[in-house]
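To start, the structure itself, in structure tokens.
Each reported figure results from applying straightforward, stated rules to the coordinates on display, with no laboratory input. Since we're looking at a predicted model, the values are computed, not measured. Here the Cβ positions follow ideal geometry from the backbone for every residue, glycine too, while neighbour counts run over all protein chains shown.
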Amino acid sequence: MKNNLEFYRKLPIPKEIKAQMPITAEGTALREQQLSEMADIFEGRSDRLILVIGPCSADNEDSVLDYITRLRGVQDKVKDKIMIVPRIYTNKPRTTGEGYKGMLHQPDPNASPDLLKGILAIRHLHIRAINETGFVCADEMLYPENHRYLSDVLGYVAIGARSSENQQHRLTASGIDVPVGMKNPTSGDISVMMNAIKAAQSSHMFLYRGWEVKSKGNPLCHSILRGYVDNLGKSHPNYHYEDLYNLYETYAASGLKNPAVIVDTNHANSGKKHLEQPRIAKEVLHSCRHNPDIKKIVKGLMIESYIEDGAQKISDCEVYGKSITDPCLGWEKTEKLIYELADAL
């Protein structure tokens, strides 16, 4: 029988990578502090707004750190109302499997895939962000078996629309010690998302990285509304007042811990029209002001933003700080939006 899978090389286990590239004691203390602050928000002890914001994909270490450094100055001015969690998304899901799959696969978007270099590059980037900006950042868990490479440096984990239905993602989320956001599936079926949250909030025995493991359950697992696509391929939003109130009622009947939602202002909610994000963000806050029940569950926003507006194709002469995946809101518009959101809270 022909073997259709080539075992290219064995990669170091997470423990070895962590020993090779450790987080400092100061970095660990910063992480614990910020995790405590996020727990206060998700558990209702703080009414600050979480802002998970940054590039669609972390495609260049220098420009990503430049962007996050700019966020640091803004955070210091709005810290009483907003908690910024920068996006360092190092894995990029591809609908057809074609195209740039993120820094994990290609530390250099113009070079061939190299997973070993990618693992080292993504850990190095997250550690630099902590050490140089004081931010513990967010990443998307596209591959559950890879989470341990970053488990001690992450502050927030997102699980995408195509992954939230997957058993391994749900079970792995139940053993993670940071807030985990489950996106509604591309179909828009809210019950799928709620089932994913219930699974992640529960304890499980399961197979993980060759071990039989037991998770404790993650009480800070919550929903992310990102819009949906109908059977004709047309995008529809689910951030409006009626959608948020429906989610509140769904949570009330569910018995889930810490009812919470982060609203993704891009993707199907914006129809991938990145300049619509400020309007959508403000509408969500307007719904919160109008209805205290909605305000109770809306814990934050997710915004795709980078240094330059829009997106570009991968080339040898790329524009610095411009997305090579989905279009993003540029820095000037981003900075203005954050201050406007703080003023509205």
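Just a few scattered comments:
- Gain in span if fully extended, R94 to D316, counting 0.36 nm per residue against the direct Cα distance: 77.7 nm
- For the range 1-151, dividing the convex hull volume of the Cα atoms by the residue count gives 144 Å³ per residue.
- Packing order of peptides 283-295, 192-204, highest average first: 192-204, 283-295 (average count of other Cβ atoms within 10 Å over each peptide's residues).
- Its residues counted as N, the range 193-345 yields a C-alpha radius of gyration over 2.2 N^0.38 Å of 1.23.
- Taking a straight Cα-Cα cut-off under 20 Å and skipping sequence neighbours fewer than 8 places away in the same chain, the lysines within cross-link reach of K117 are K10, K15, K18, K92, K101.
- Pairwise centroid distance, computed over Cα atoms, of the range 251-296 with the range 1-16, Å: 42
- Spacing of the two label points (7 Å from each Cα toward its C-beta) at T69 and S36, in nm: 2.9
- Remark: relative contact order (the chain) = 16 percent; criterion is Cα-Cα distance under 8 angstrom and separation of 6 or more residues.
- Percent of beta bridges antiparallel (DSSP, the chain, rounded to nearest 5): 20
- Descending by average beta-carbon neighbour count within 10 Å, the peptides 328-335, 95-102, 42-49 line up as 328-335, 42-49, 95-102, the highest first.
- Label separation (L207 vs N4): 2.0 nm, computed from points 7 Å beyond Cα along the C-beta direction.
- Put simply, the Cα atoms of the range 118-194 extend 40, 22, 21 Å along their principal axes, the longest span coming first.
- Extension gain (nm, one decimal) between N195 and N291, 0.36 nm per residue minus Cα-Cα: 32.0 nm
- Estimated from helices alone, the mean residue ellipticity of the chain at 222 nm is -12000 deg cm²/dmol (sum of -39500 (n - 2.57) over DSSP H runs with n ≥ 4, per residue).
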